[in-house]
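Please read the structure below before turning to the comments.
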Amino acid sequence: MAGDLNLSNLKPAQARKDRKRVGRGLGSGKGRYSGRGIKGQKSRSGSHKMRAGFEGGQMPAYMRMGKQRGSTSKDAMPIGPFRTYVWNVNVRDLARFDAGTEVTPELLKDAGLIRNLRRDVKILGHGELSEKLSVSAHSFSKSAAEKIEAAGGSVTWLKPPHEKKVRRHKKAKAAPAPAAQQGEAAEEAAAEEAPSEEPAAEEPAAEAEES
């Protein structure tokens, strides 16, 4: 040091900046309205502590937009089917293990690929894998399972694979015909079943004329 340290040569590490003193008269430059202007919401106390999404009292954007309710739509609130809580590990991350290693969630945690064991582990197929590994996880993508098996390894599901439910559509019942159409159809059927009768009274008259 240039000199001994004593009370006469102490000074702060950085220059001290005086705070802004408002409301101390017109001569200070921050008097009368204290730099807040005249009236309005921003001149009131607490106006700079508004919550996120507040738009001054008008209907906020997140309430103006339409929403689809339920747990099976993309924009369902507050949850949705595409919000997953699993640890994702790609097959390229498994290349650090030696051939013949049995890869488990505990081993992935020890290797630093996942944080903890409170969530399920899903193996994804990004990257390439050449080592023969026995991988155990809760779920696998289709490409990940194919790449692991193509390298000579095996896949063990810790949970049964998810199967999509097949929806069976009921056949629509034929609408009943109106009463008028049913009556006409019955009359036509009766006319077809009735035998055709030939007039017999005309034969004697024809014989009389010939004689």
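The values are calculated or read from the model by the stated rules, or taken from the named source; none is laboratory data. The shown structure was predicted, so the numbers you read here are calculated from the model rather than taken from an experiment. No Cβ is skipped: glycine too gets one built from the backbone with ideal geometry, and neighbour counts run over all protein chains shown.
Screening E146 against (1) under 20 Å from Y85 (Cβ atoms); (2) surrounded by fewer than 16 Cβ atoms within 10 Å (Cβ to Cβ); (3) under 27 Å from the mean Cα position of the chain (by Cα) leaves a single unmet condition, (1). Being surrounded by 10 or more Cβ atoms within 10 Å (Cβ to Cβ) and modelled with pLDDT of 90 or more, is that true of even one residue in the range 76-83? Scanning the range 76-83, I find no residue that is surrounded by 10 or more Cβ atoms within 10 Å (Cβ to Cβ) and modelled with pLDDT of 90 or more, so the answer is no. With respect to the conditions (1) modelled with pLDDT of 75 or more; (2) within 26 Å of G125 (Cα to Cα); (3) not aromatic (F, W, Y), M59 lacks only one, and its number is (2). Among the numbered conditions (1) under 30 Å from R115 (Cα atoms); (2) modelled with pLDDT of 90 or more; (3) assigned to a loop (DSSP other than H, G, I, E, B), the only one that W87 does not meet is (3). When the range 94-121 is filtered for residues that are in a helix (DSSP H, G or I) and either crowded, with 18+ Cβ neighbours inside 10 Å or touching an Asp or Glu at 6+ places or on another chain (Cβ under 7 Å) (or both), the ones remaining, listed by number, are L94, A95, P105, L108.
Search the range 11-27 for residues being small (G, A, S) and in a loop (DSSP other than H, G, I, E, B), and hand back the single one that is surrounded by the fewest Cβ atoms within 10 Å (Cβ to Cβ). Ranking the candidates gives A13 first.
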